[in-house]
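Nothing in this text is a laboratory measurement; each read-out follows from the coordinates by a stated rule. Please read these numbers as outputs of a predicted model, since none were measured by experiment. Virtual Cβ from ideal backbone geometry, glycine too; neighbours counted across all protein chains shown.
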Amino acid sequence: MPTPFAPTRISVCLLAVPEMATGVLNGLYEVFTFVGPGWEILTGWPPGPRRFHPRIVAADRTPFRNVAGLPIMPDLTFAEARRADIVIVGDLAIGRDEETRGRWPAATEWLRQQHAQGALVCSVCTGSLMLAEAGLLDGTEATCHWAAVDQMRSRYPGVQLRPERVLVAAGAGHRLVTAGGMASWTDLALYLIARFCGEEEARRASKLFLFGDRSDGQLPFAARVRPRQHDDAAIAAAQVWIADNYALENPVAGMTQVSGLATRTFVRRFAQATGYAPLDYVQSLRIEEAKQMLETTDAPIDAIAEEVGYTEPAAFRRIFKRATGIAPNQYRQRFQRVAMA
């Protein structure tokens, strides 16, 4: 995957025309708006440093309704949107017998300008027809909705169509990215988040929006929420200590000793201050660290178990599955690479 771009504020222009459905348009707008701040709002943990700035771009700023009668409210005109980091064309409601050649002259000219200026230009579903009409896909691999394959091949034979792929990144610098059917907008979003903000931010977005396989429910997506703030100094000292020592034997005894409190008093005050029983708090730290290692390393699962404080691999697997709903190897398969192209 290409190295993430340098800017901390990434401009995303979502192109809108009357033929466009609003589901993908609004979904992309919302996801890019909440990358970073959404994680902090829901979990309490600090967000990553990069932010997306999505805007809807059209021929003019006059609100209009799409083919389904749903409103679209542009933020910028083509003339005003002079330079974007990312441009995305969503799915278009176009019948298989409708002509696309010669269509959207203003939009396709703007797309060509943006690409020439260095923007990464993307499409979802039938939106690839507009990219092809702009001439951006000539001699380049691309994908589209399976139902639009015949249209693409007959009208734009210069496109090297890969209809079996969900996501195709092609062209110089991989600055042309096409996604397959309508629901593949989530794959595109994760790919762009990983490309511009890193894999960790993409994993956060996957968990935040439940992107991916949900057949095991939503427990695999859950992250450890930041413990609530409190003013109990003895308990705070114990939390600081356990953050570096959670893998030791008898960690609750260690926390109790650091706090300087009697055991029963420590257990009571710890639960009052943090909302966790001490052992549950330790388990949450261990499982969260195990999840990080599964996501970012290829270390054997038994080695991870020992690293986070479990001398019995079977016990680790049992506790991990209780916490996440799936086995450690399944978790690794799901979250080690959430963005593929």
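The table below lists the values:
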{"item": "Two-site FRET efficiency, R83 against Q229, from Cβ-Cβ distance with R₀ of 30 Å, rounded to 0.05", "result": "0.10"}
{"item": "Beta bridges per DSSP with both ends in the stretch 1-83, % antiparallel, nearest 5", "result": "20 percent"}
{"item": "Gained length - E109 relative to R214, 0.36 nm times residue gap less alpha-carbon distance", "result": "33.8 nm"}
{"item": "Helix 185-197 vs. the chain, principal-axis angle (Cα, 0 to 90°, nearest 10)", "result": "70 degrees"}
{"item": "Gyration tensor (Cα) of the stretch 208-290, equivalent ellipsoid semi-axes in angstrom", "result": "28, 14, 10"}
{"item": "Of T77, A202, P49, farthest towards positive along the dipole that unit charges on Lys, Arg, Asp, Glu beta carbons give the stretch 9-212", "result": "P49"}
{"item": "Dipole axis of the chain (+1 Lys, Arg; -1 Asp, Glu on Cβ), positive-most option in G181, G38, I10", "result": "G38"}
{"item": "C-alpha long axis of helix 313-324 to longest principal axis of the chain, angle in °", "result": "60 degrees"}
{"item": "Selection from G254, A172, V24, by position along the positive dipole direction of the chain (Cβ)", "result": "G254"}
{"item": "Cα→Cβ-extended label distance, 7 Å offset, between F64 and N26, nm", "result": "1.9 nm"}
{"item": "Cα centre as origin, Lys/Arg/Asp/Glu Cβ charges: the chain dipole, Debye", "result": "380 debye"}
{"item": "Alpha-carbon spread of the stretch 233-335, three principal axes, descending order, Å", "result": "42, 22, 21"}
{"item": "Cubic angstrom per residue, convex hull over Cα atoms of the stretch 9-212", "result": "112 Å³"}
{"item": "Two-site FRET efficiency, D97 against T8, from Cβ-Cβ distance with R₀ of 45 Å, rounded to 0.05", "result": "0.45"}
{"item": "Among 156-163, 38-45, 225-232, 276-283, the order from most to least packed when residues are scored by Cβ within 10 Å on average", "result": "276-283, 156-163, 38-45, 225-232"}
{"item": "Ratio Rg/Rh, restricted to the chain and using Cα atoms, in which Rh is the Kirkwood radius", "result": "1.09"}
{"item": "DSSP bridge pairs, the chain: antiparallel proportion in percent, nearest 5", "result": "25 percent"}
